[in-house]
Amino acid sequence: MICFETHITNSSLKFFQKNLKTLFDFNQINNIVREVSGINTFFTSQEEATELLEKLKENSSIVSEPNRREYGDFQTNENLAEQVAKYAFLKQKGFEFILEPTCGKGNFILASIKQSNSLKKIVGVEIYQPYVWETKFKILDYYLINKETNKPEIDIIHGNAFEFDYNQLAKSTSDLKTLVIGNPPWVTNSELGSIDSKNLPKKSNFKKHSGFEAITGKGNFDIGEYISLIMLKSFENHNGIFAFLIKNSVVKNLIQDQKRNCFKISNSEKLNIDSKKEFNVSVNACLFLTHLNTKPDFTCKELDFYSQEYLTTFGWYKEKFVFSVSDYDESSIIDGKSIFTWRSGVKHDCSKVMELESVNGHYVNGLGEEINLEKKLVFGLLKSSDLKTDKTNTYRKLTIITQKKIGQETNYIKENLPLTYQYLNSHKEYFDKRKSSIYKNKPNFSIFGIGDYSFAEYKVAISGLYKSTHFTLVSPKDSKTIMLDDTCYFIGFDNHKMAQIAHFLVNSDLVQKFLKSIIFSDSKRSINKDTLMRIDFERAFENYEFENVKDFISDLTHEHWKEFGEMIKNNVNEQITLF
Ligand SMILES: C[S@@+](CC[C@H](N)C(=O)[O-])C[C@H]1O[C@@H](n2cnc3c(N)ncnc32)[C@H](O)[C@@H]1O
């Protein structure tokens, strides 16, 4: 039967039918419910008790579920809730107090009740009334069936987690061994802003807590992160465990901000779950479990939730925030400042016109048009997806390089390259449509990410789109350098041997270990200029002897090796731009 917009199970139904008369007095039925299940104030008013009474008489009612997007509503399935609760109870015994701050349909509460017969108090808070009912009925159901089990005092509160006084609750439960368990809303403040939702903490609530400036400063923050912070702030002095299902990005932020927050948490674990399987969503999420009231530490062990396979330990180490403490430990000497300036490739935001393919001796653009151009401004172009090999001097696409420097006048094209000019000018509207402000008030057909460095003959390049830390050596084709697009990063050389040595060094075990130790596998665009600028070429070079390298680079002489060493030593105090 459906009542209070929730499904009432048969055993609860039978129970209320048996006690039908007492529904006329909500205090009387509340006492009976407390006796059998521990739940305080099952009905908060006579109206509620009467509503059930009426429903029991009608015996059916159908309600449709409203859109719950603003509540970040992803209910944890019973099986997962049970596995999480089991894991938490395995980590610590004897919990006395369970708190679920956004308890939804109550699966975590029930899973925790099933784990222990010694609980004294349970509190669940939930903003959506039908879920409050569902949780209450679920618990009642459980105790109706399991009559002999210990009954803790239970409060399932219809309330707002942003307004609930968790400090007061923390004070009244300070001597109870605590498990804060749950799965807070999966929604960000900007998503809520876009649907004009009020389900947000009040601005004034942030200000009370020191740890909150960090997240509110980030324009877009996760509501789950905010609720996690409230929990850690309120319950860090309790003996016990905090165990939340949250997005991976939230855990990363919590550990990163731990440096400033210094919550009394340690032995943190991030156990990766399969959110597609559990919640049918494509969001990287995990169980974050940490021990409260302990000496603060600043790292977190990452494991697979299902197999418990160890993956890495990330967090603060040697004053750096790293993805793998052990890899960083072995490779931190590389962490410095690159003497070569890493650049990103050419940007034009006009691929239909500016990207060409060579077909039977002429060019075809992205509009499918066959065109004839002078060869002068046409260069081979590599994209991130082309950088899978170790070395290359071939390309699938070509591009038109209209400038040698940002802002350079392009009138020369009209004068010297009539076919190119005619082509560009006849497609001028595609250039004029470009929205980015970088093209405003710039010469016609302007491009970006261009400078002397773009014309270096040899390039050591990496994709900025993928997770691979492998570098490709790009050599010229028919004596013409190959360009990279703006999804790639590179350093350029005019000397083949110098490029080969740099290519060897960045792909060497030590540099690879270093990059893998600082790159977080699930963050977006993790290979970027800042990361690459940390590669200390001098240290990488010192790690190898000519004798060990010569077999990897054909025709490498001692002189080449020395020349590279001198090039980077001479400039070590002053970062150089080779081109
Ligand atoms: C991701 S669901 C998880 C529910 C439950 N913890 C579980 O694991 O199944 C988040 C829950 O938070 C509730 N919620 C959203 N905003 C809330 C608020 N401001 N206060 C209390 N609960 C809220 C939603 O209604 C939803 O039930």
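The values are calculated or read from the model by the stated rules, or taken from the named source; none is laboratory data. For clarity, every value in this text was computed on a predicted model and none was experimentally measured. Here Cβ is always computed from backbone atoms with ideal geometry, including for glycine, and neighbour counts include all displayed protein chains.
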* **Qualifying position, being of a type in the set (Val, Ile, Thr) and within 16 Å of the ligand (Cβ to nearest atom), among Ile157, Ile145** => Ile157
* Structure fact -> With criteria (1) under 37 Å from the mean Cα position of the chain (by Cα); (2) in a loop (DSSP other than H, G, I, E, B); (3) surrounded by 13 or more Cβ atoms within 10 Å (Cβ to Cβ), Lys405 comes up short on (3)
* Sort through Pro184, Pro152 and tell me the only one that's of a type outside the set (Ser, Thr, Tyr), within 15 Å of the ligand (Cβ to nearest atom) and modelled with pLDDT of 95 or more. => Pro184
* Of the residues that make up segment 347-354, is at least one surrounded by fewer than 19 Cβ atoms within 10 Å (Cβ to Cβ) and in contact with a Leu (Cβ under 8 Å, 6 or more places away or on another chain)? -> yes
* So which residues in segment 246-270 are among the hydrophobic types (A, V, I, L, M, F, W, C) and touching a Phe, Trp or Tyr at 6+ places or on another chain (Cβ under 8 Å), if there are any at all? -> Ile246, Val250, Val251, Leu254, Ile255, Ile265
* Restricting the search to segment 364-384, which residues are outside any loop (DSSP other than H, G, I, E, B) and exposed (fewer than 13 other Cβ atoms within 10 Å of the Cβ)? -> Glu370
* Structure fact -> Going through (1) in a strand (DSSP E or B); (2) buried (at least 18 other Cβ atoms within 10 Å of the Cβ); (3) among the aromatic types (Phe, Trp, Tyr) one by one, Tyr328 fails only at (1)
* Selection count, segment 463-487, where residues are in a loop (DSSP other than H, G, I, E, B) and either in contact with a Pro (Cβ under 6 Å, 6 or more places away or on another chain) or among the charged types (D, E, K, R) (or both) -> 3
* Asked: If a residue has to be surrounded by 24 or more Cβ atoms within 10 Å (Cβ to Cβ) and without any contact (Cβ under 8 Å) to a residue 40 or more places away in the chain to count, how many in segment 112-124 make the cut?
  -> 3
* Structure fact -> Of Glu357, Glu269, Glu302, the only residue that is part of a strand (DSSP E or B) and outside the structural domain of Thr173 (by TED's automatic domain parsing) is Glu357
* To do: Kindly indicate which of Gly361, Gly315 is surrounded by 13 or more Cβ atoms within 10 Å (Cβ to Cβ) and of a type outside the set (A, V, I, L, M).
  => Gly315
* For segment 488-563, please list each of the helices (runs of 4 or more DSSP H) lying entirely inside it that holds at least 2 residues being over 26 Å from Glu302 (Cβ atoms). => 496-506, 537-542, 546-549
* Structure fact -> Residues of segment 74-129 being within 11 Å of the ligand (Cβ to nearest atom) and among the charged types (D, E, K, R), in sequence order, are Glu78, Glu100, Lys105, Glu126
* Before we move on, is Lys388 basic (Lys, Arg), free of Cβ contacts under 8 Å to residues at least 60 places away in the same chain and outside any strand (DSSP E or B)? -> no
* To do: Enumerate the pairs (first residue in segment 5-19 and within 18 Å of Tyr131 (Cα to Cα); second residue anywhere and part of a loop (DSSP other than H, G, I, E, B) and at pLDDT below 80) with beta-carbon separation below 8 Å, excluding pairs fewer than 6 apart on the same chain, so at least 6 apart or on different chains.
  => Glu5/Val63; Glu5/Glu65; His7/Met1; Ile8/Met1; Leu13/Met1
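Residues checked against (1) more than 16 Å from Lys337 (Cα to Cα); (2) touching a residue at least 24 places away in the same chain (Cβ under 8 Å); (3) within 30 Å of the chain's Cα centre (by Cα):
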| position | (1), (2), (3) |
| --- | --- |
| Ile482 | yes, yes, no |
| Ala502 | no, yes, no |
| Leu532 | no, yes, yes |
| Leu556 | yes, yes, no |
| Phe564 | yes, yes, no |
* Asked: Could we say that Ala49 is more than 16 Å from the ligand (Cβ to nearest atom), modelled with pLDDT of 85 or more and among the hydrophobic types (A, V, I, L, M, F, W, C) here?
  -> yes
* Structure fact -> When Lys264 is run through (1) of a type in the set (D, E, K, R); (2) closer than 30 Å to Met483 by Cα; (3) not assigned by TED's automatic domain parsing to the domain that holds Phe564, the failure sits at (2)
* **Which numbered condition Ile241 misses (of (1) among the β-branched types (Val, Ile, Thr); (2) over 21 Å from Gln92 (Cα atoms); (3) more than 16 Å from the chain's Cα centre (by Cα))** => (2)
* To do: Give the residue that is modelled with the lowest pLDDT, with candidates limited to residues of segment 53-73 that are within 15 Å of the ligand (Cβ to nearest atom) and out of contact with any helix residue (DSSP H, G or I) (no Cβ under 7 Å at 6 or more places or on another chain).
  => Glu65
* Just a yes or no: is a residue in segment 18-30 at pLDDT 85 or above, surrounded by 14 or more Cβ atoms within 10 Å (Cβ to Cβ) and among the β-branched types (Val, Ile, Thr)? -> yes
* Any residue at all in segment 539-555 that is buried (at least 20 other Cβ atoms within 10 Å of the Cβ) and under 30 Å from Lys270 (Cβ atoms)? -> no
